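The block underneath contains the structure these notes are about, expressed in structure tokens.
Please treat every number below as a calculation from the coordinates, not as lab data. This structure is a prediction, so every number in the text was calculated from the model and none was measured. Virtual Cβ from ideal backbone geometry, glycine too; neighbours counted across all protein chains shown.
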Amino acid sequence: MPTPGDDAIHHRACNLCEAICGLLVEVKDGSVVSIKGDPDDPLSRGYLCPKAFALQDINEDPDRLRRPVRRTEDGWEEIGWDEALDEAARRLAEVQSAHGRDAVAVYQGNPSVHNAGSMLFSPPFVRTLRTKNRFSATSVDQLPHHVVGWAMFGHQMMIPIPDIDRTDFFLVMGANPLASNGSLMTAPGMGDRLKALSARGGRLVVVDPRRSETARRADTHHFIRPGTDALLLLALLHTVFAEELTDLGRLAPHLDAEVEEVTALVDGFAPTDVAGVVGISAEDIAQLARDFASAESAVCYPRMGLSTQAFGTLCNWLAVLLNLVTGNLDEVGGAMFTTPAFDTLPMGGRGHLGRFASRVSGAQEFGGELPVSVLAEEILTEGTGQIRALVTSAGNPVLSTPNGPRLDGALSGLDFMLAVDIYINESTRHADIILPPTTGLETAHYDLAFHPLAVRNTSRWSSPTLDAGPEARHDWQIFRELRARLLAHAPDPADRGTPTDAMDPHQLIDFGLASGPHGAASDREHPVSLQLLKEHPSGVDLGPLEPRLPGRLFTEDGLIHLVPAVIAADLPRARALLDGPSPDLVLIGRRSLRDNNSWMHNSPRLQSGRERCTALVHPSDAEARGIVHGQQIEVRSRVGAVRIEACVSDEVMPGVVSIPHGFGHGRPGARLRVAARRPGVSANDLTDERLVDAISGNAALNGVPVHVRSLGGAS
Ligand code: SF4
């Protein structure tokens, strides 16, 4: 195995998105000269997407910070690591000493879970702060999945994964896996997987308010009015029960309630009841239910559009129920659970809801975190417990959380802000100190988050590709140093130490693999260990997903909780949709293969090509407002307005405006020069922090009421 920076072809997994593709990175004279897909990776099988080249662009980016910086009246100054870490810890401790533990908040961005060092070492640091004000990107895009996993199966990470490689019927709701390569479903090379589905006679049905890349490939695509997916799912269940298509299979003895309880709940949600509101005919809804239930195997995959809406948790529960009552949960070709080599689930973190609430608006915690939609008000509202300092890690919440401008203003008023980040972005420009860790090519990596969400059980270790040099610090080193310094400032008698105080990521991962289900105690001829993975740099195949229930249940009674009261209580709100008025126009997001939130827009190769930040408007809506293609328009919501180029297209259904998320660069003080050349606008200048999923508090980024008007002239 080559050492970092050697002239050689280095194997590694791409950690830029959930797909974790295996890569072959050729290094010459200490620099990357090519990046290719690794054909021997058992999961990605040679696939890579254009974003993979951003690994090199990010690594070589002249805007990337390589040493800690401190903000001064005259701008940013570079400082040494010890000075930066000392000052950061001292100032956090001072804020907590003066104003209490909760005066320091933490926000962890999406890239945190793509980094084993951060995954393992940031939690002990955060626990050392002992603050209730913990936030993360989870409550922007996926919290409903965790709430359902916790409520039904007893663990927030019990998220069913579509067995896409063996299913006969793939029902995709609110997801665009051809652009994402799967989300909460690690499935690199989605195009080939869909081709294989078609080749074996399977069907792909997509339900989405936009004819997305995936919808264009589907056998059937149904437009659906944003925010009404819960009604569609209720009607599908209604048909399954009414036409006696139910099949609980071998899970029947493992349910905590009779299925008749669900039958009663869907009363009044027949296809004929909901068709007018969801925008799909009653005949089509009923036929979809019949086709799904009668397929040899089928899986309903609910994702972003269903999670980031006002009924996020309800939608995800109903999708699990649809899989369950048609005999497609935990069955081959259905929605299954993984058997990861490093299995964190038995280690704890099952989840809990409502143990405490936010100070200002009483939002419930889940798993010890508050929804990020309340972060700004917790900073801006004076009183005991007010947030006065913030630590961000790999995050840009000004662009990625609802009502970004309000948070932008709030961050500017903090007493202190520390960022662990490689960029001065739209959020970290407010920081007092920025600690820049190494980037993907410079770190060793084991994917703790996404092997457990993958459509096939595989395991892969990545050694560092490039030598970061003696001055660099990895995320894990930064968090460990910060924790040690915090404890030195404020000794905590309750702190009994953690394995991360003494062990490095290699040791922790080796331990996790050895004690995992494919490790030393398994009956495998070659148990998975770090050494084994180093000997197989393309990764090890551990086989297709296997039925895991009931053994994998974490509920106290060992049963699947069919109708969790906390979720079912939201049904009356869904019922009210049937009679309530609907707004003329609502906003939805979208994503392209070349984007991943806000954090790759400084890659010159990814920023090239046609303008991606445009507003899709249906021709009938455009005509009604005198809007022509290419014109500048104003899109306005309760919280703000943006000016953006209109793309008049029937790609969206009438009544829907679509703006991609992750743009809105070029704000004063940010140092992302490539991104600033084509800044786009932030969809989160329009999304509303008051619009959330009622149960989880997850941001409702889809279905935001907006008004649109022409600003005249061609762009
Ligand atoms: S799909 Fe994701 S993991 Fe695969 S190469 Fe692209 S960015 Fe990397």
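Table for the structure above
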| item | result |
| --- | --- |
| Relative contact order (%) - region 1-103, alpha-carbon pairs under 8 angstrom, separation at least six | 15 |
| Point-charge dipole on Cβ atoms (K/R +1, D/E -1) for region 583-714, about Cα centre, debye to 20 | 740 |
| Footprinting exposure proxy for 83, 73, 244 (fewest neighbouring C-beta atoms within 10 Å first) | 73, 244, 83 |
| Neighbour cut-off at most 10 other Cβ (10 Å), DSSP loop, trypsin sites (Lys or Arg not before Pro), region 584-633 | 610 |
| DSSP bridge orientation in the chain - percent antiparallel, rounded to nearest 5 | 55 |
| In sequence order, calculated HN-Hα J values of region 316-328 (Karplus, 6.51, -1.76, 1.60; Hz; x Gly/Pro) | 5, 5, 5, 5, 5, 4, 4, 4, 5, 6, 9, x, 10 |
| Most positive-pole-ward Cα, 145, 443, 56, against dipole of the chain from beta carbon charges | 56 |
| Sites residue 521 and residue 484 - FRET efficiency at Förster radius 35 Å, r taken between beta-carbons, to 0.05 | 0.55 |
| Computed over region 574-715: relative contact order in percent, which uses C-alpha pairs under 8 Å that are six or more apart | 34 |
| Segments 537-545, 341-349 sorted - mean Cβ within 10 Å per residue, highest first | 537-545, 341-349 |
| Extension reserve of the residue 352-residue 557 stretch, reckoned as 0.36 nm per residue once the Cα distance is removed | 72.2 nm |
| Average Cα contact separation per residue, the chain, under 8 Å, 6 or more apart, as relative contact order % | 20 |
| Residue order, fewest to most surrounding Cβ atoms within 10 angstrom, among 18, 645, 471, 426 | 471, 645, 18, 426 |
| Size of charge dipole - the chain - debye, nearest 20, with Cβ of Lys, Arg +1 and Asp, Glu -1, no other charges | 1260 |
| Stretchable slack from residue 198 to residue 33, in nm (0.36 nm times residue separation minus alpha-carbon distance) | 55.7 nm |
| Likely footprinting exposure, 546, 283, fewest C-beta neighbours within 10 Å first | 283, 546 |
